[in-house]
Amino acid sequence: MNSKLVALAFFLASAALHSQKTNNLVQPNENLVTVNIPEISKDLAATVRKYTEARSAVLDDISPDGKSIIIGTRFGNTTQLHQVVQPMGARTQLTFFEEPVNFCSFEPTQGKYLVYSKDSGGNEFGQLYKLDLQTLESTLLTDGGRSQNGELVWRKDGKGFYFASTKRNGGDRDLYYMDMENQPTAKLVLEVKGGGWGISDISDDGKSLLVSEYISANESHIWMFDTATGKLSQVTDRKSKGVVNQEASFSSQTDLIWLITDKDNEFQRLATYNLKTRKYEFFTTSIPWGVDSFILSEDKFHIMFVTNEAGTNKMYKMDTADKKISPIAGIPVGLIGNMQFTRDAKSLYFSQATAKSSSDVYKIEFPSGKIRRWTQSELGGIQESDISNPELIEWTSFDKQKISGFYYPPASKFSGKRPVVIVIHGGPEGQSQAAFLGGNNYFTNEMGVALILPNVRGSSGYGKTFLQKDNGMFREDSVKDIGALLDWIAQQPGLDKDRIMIMGGSYGGYMTLATAFHYADKIRCSIDIVGISNYNTFLKNTEEYRRDLRRAEYGDERDPKMAAFFDKIAPLNNIDKIKKPLFIIQGTNDPRVPVSEAIQMRDKLQAAGNTVWYLEAKDEGHGFRKKQNIDYQRLATIRFMQEYLVN
C-alpha cells in the first residue's frame, strides 16, 4: 500500500479514536478555567446525575390579597421567580434570566408588579428591577453599576419604597427613597458612614423608619429616621459595646418597639424596648436558646418567632396582649425561615427544610393551627434510603472547650474503616445545621465516605461568648478545634484516621488552608472553596463596603502588630508546610474573597512543586450558583476524592 495512504489511514483511525474518547468525556463549559483537573468520564456523570437534580422552593413574598405567593426555585440553570396560586399548584415561571434572581417584593396595595433584585456573574452588585405581572416586562430602577441595592421597605400606600444602597461611594450604605407613582426615581435621603446600615421597619403613617447599624456579629444598634425632616436619632445606646440589637419592628404602642437582642444574656431574646424609659423587657428567657428571627402581624397583635436549638429550628407563637408563648406543633424537625403573615393575620407562610428534604413552602392557618404544604420540590432520583441523616457529636478541644458538629454516616452497605470529609462552614459567624445534604449524599451513599460538619469556636448558635472566642489574635484557636477533631476521629472504630479530607468555603476555605499546613501529617488532601489565603491581602482587596465590617471580626491590618500576626498565620506564607494535594475553587467575580486570594495560593503552590488542582468560573462570585457550574464542580470534587482520598 502506498505509504501516504497508510499514513492517512493511521491518521483517520487515530482521529476516530480521539473523537470517540472525547465524546465520552465531560467537557467544562466556556466559563470554566481548569488547571490540572484530569479527564472526567460521562459514565461518572451518569452515576452522579440522580443526586444532582433535586430542587428547592423558598418563599419570597405573599400577594396583597393573600391568595398567591412568589417563590424562588430552579427548573433550568438558575433560580428564578415563580407564582403559586393554590396549595400544591403549578409553579408558573415569571422570570427567565441567565443570572439568578435574589429576592422580590410585591407592590403592597394591588400587587400589579414586583420589585426584584438581580446581579451579574455573582458580583453581588444587586440592582433593583420592576416586573409588570401582566406583560412580564422588566424595568431597571437603580443605577445598573457597581452598587449594592437592597433592604427594601414599602410605604403602606404603595407610592414608593425606601432602600439601602452603596451608590454614592461604594463603601457607605446610604438610604434612598424610590418614588413609584410616576417615572420611578431614586432620591438620597440619608448619608451614613459604614457598610452595615439597613432598614428594619416603617411606621404605618410612613413618617418614621427603624434603621439598623451592623458593626459586627457581636454589636449592632437601632436608630430612628424621620422621613419628613431627615433627622436620624439614636434608639438603643450607641455607646453600649458588645450588644446585638436587631430586627426592630414598630408595635401598636407609640413608645414601644419589638426587637431581638442579647442585652444582659448569652443568647438573643425577643424583647420590647421603651423609647421613653430606655428599658428592655424580655419574653423568651425561659427558652435556653437564641431567637433567630421573628415576624409581627400587620395588626400588631401576633408574633411568630424561630429559635435555634442545637442546629435545628423551632417555631413559636405569641400574642402581644397577654405575651403568652405557644410552640407550633406538627412541624418536622428541621430548618425554618422566610416567615410572613398574610395581611389579615389569619395565616402565615414559611419555608422549611429537613435532613430528608430540601426547602419547601408551608402555610399555617389560625386559630386551628392546621399546616398545609404549598410546594413539593422534586428530589430528582434521590430516594429516602439514599439520604444520610445527621447525628449530633461532641469533642473536647485543647483548652477543654466543648465543640460540637453534625456527623453524616456512610451507608451501612460499606464495611471497614471509612474515609472522612470534614466540611467547615464560612462566616466565621455561620453555623453548620442539621440540613439536607442534597448532591453530597453521593459521597455517603455511593463512595462510603463519612461527613463531619463541625461548629468550631466563633460559630453562631452557642452564645455570644463562644461567638467571640476566635476574634483577632485568637484566630488559630478555631484551627486547633479541627486538630482536636482529627484526634477524635482517630479514636472512632469505624473511621479511618489515615484517610481524612478537609473542605470548606470562604472562612471555611481559610480554615481548610490553615489545617493543610498545621496538620499536614494527619490529612490526605484538601479542597479550598473561595478561601482566604492571607488576611492582609484579603482586607486590602475585598470590596470597600465590607472592609470595616471584616476588620471588626478578624482584626485591623493597619495595626502593625495585627499585620504581623496575619503574615504569621497566612497559609500563603506557609506553603512549605503543605505536603498534601490541594484543590482550589474560585469565582472570578467574587466581591468578598477576591479571585486574587486563590490565584496567589495556586501560583505559589505550583512554584513549590505541590500537587494543586484549580477550577475558576468566570460567571460566578462567592461560590457557584449556576447548575452547570455546580455540576462540574461536584464531578471534579469526586475525581479528586477518588484520586487522593478513597483509594
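A short reminder: the numbers here are calculations on the coordinates, not readings from a lab. Given the structure is predicted, the values throughout are model-derived calculations rather than measurements. Note that we place each Cβ from the backbone using ideal geometry, even for glycine, and neighbour counts take in every protein chain shown.
Alpha-carbon geometry of segment 597-642: the Rg and the Dmax are 12.2, 34 Å, given in that order. Building the convex hull from the alpha-carbon atoms of segment 106-188 and averaging its projection over directions returns 5.4 nm². Per-residue Karplus couplings for segment 489-505, computed as 6.51 cos²θ - 1.76 cosθ + 1.60 with θ equal to phi - 60°, are listed in order as 4, 4, 8, 8, x, x, 10, 9, 5, 8, 10, 10, 10, 9, 9, x, x Hz, Gly and Pro entered as x.
Pairs of C-alpha atoms in segment 252-386 farther apart than 17 Å represent 62 percent of all such pairs. Spin-label pair Asp603-Thr229: with each label point 7 Å from Cα along the Cα-Cβ axis, the two points sit 5.6 nm from one another. Derived value for segment 52-200: Kirkwood hydrodynamic radius 16.0 Å. Basis is the mean of 1/r over every pair of different alpha-carbon atoms.
In square nanometres, what is the average projected area of the Cα convex hull of segment 229-325? Mind dumping the intermediate values first?
Numbers: hull surface 28.7 nm².
Over every viewing direction, the Cα hull of segment 229-325 projects on average to 7.2 nm².
Within segment 314-420, the proportion of C-alpha pairs whose separation exceeds 17 Å stands at 68%. Placing dummy labels 7 Å off each Cα toward the beta-carbon, the span from Ala345 to Asn29 is 4.7 nm. Under a 5 Å amide H cut-off, with hydrogens placed 1.01 Å from N, His302 pairs with Ser297, Thr320 among residues at least 5 apart or on other chains. Near Thr588: Cβ cut-off under 11 Å, other residues only, Lys/Arg at +1 and Asp/Glu at -1. The net charge is -3.
DSSP beta bridges in the chain, what fraction antiparallel, as a percent rounded to 5?
Counting only bridges with both partners in the chain, antiparallel ones make up about 85 percent.
Taking the Cβ of Ser326 as the centre, find all other residues whose Cβ is under 10 Å away and add up their charges (Lys, Arg: +1; Asp, Glu: -1). Combined, the nearby Lys, Arg, Asp and Glu give +1. Normalising the Debye intensity of segment 515-598 to I(0), with uniform scatterers on Cα atoms only, and taking log10 at q = 0.11, 0.26 Å⁻¹ returns -0.32, -1.25. Restricting the calculation to Cα atoms, segment 438-577 shows an Rg/Rh of 0.99 when the hydrodynamic-style radius is the Kirkwood one. Potential lengthening of the chain between Val85 and Ser596 amounts to 179.4 nm, from the contour at 0.36 nm per residue minus the alpha-carbon distance.
Calculated [222 nm] ellipticity per residue, helices only, for the chain: -6000 deg cm²/dmol; basis is -39500 (n - 2.57) per DSSP H run with n ≥ 4, divided by all residues, nearest 500. Out of these labelled values of mean projected area of the Cα convex hull in nm², [x] 33.2; [y] 34.8; [z] 38.9, which was calculated from the coordinates shown here? Comparing each candidate, only [x] matches the computed number. In this label model, Thr135 and Ser240 are separated by 5.1 nm, measuring between points 7 Å along each Cα→Cβ vector. Rg ratio for segment 367-515: its Cα radius of gyration over 2.2 N^0.38 Å, N being its residue count, equals 1.15.
Between Asp521 and Tyr280, the FRET efficiency from the beta-carbon distance, with R0 = 56 Å, is close to 0.65.
Can you give the local net charge around Asp65? Use residues other than it whose beta-carbon is closer than 15 angstrom to its beta-carbon, Lys and Arg +1, Asp and Glu -1. Please report the intermediate quantities before stating the final value.
Details: positive: Lys67, Lys112, Arg343, Lys346, Lys363; negative: Asp61, Glu107, Glu298, Asp344.
Net of charged neighbours comes to +1.
Treat segment 488-647 as a sphere of radius equal to its Kirkwood radius over Cα pairs and apply Stokes-Einstein at 37 °C in a medium of 0.692 mPa s; give the translational diffusion coefficient in µm²/s, rounded to a whole number. Don't skip to the end; give the middle numbers.
Values: Rh = 16.2 Å.
Calculated translational D: 202 µm²/s.
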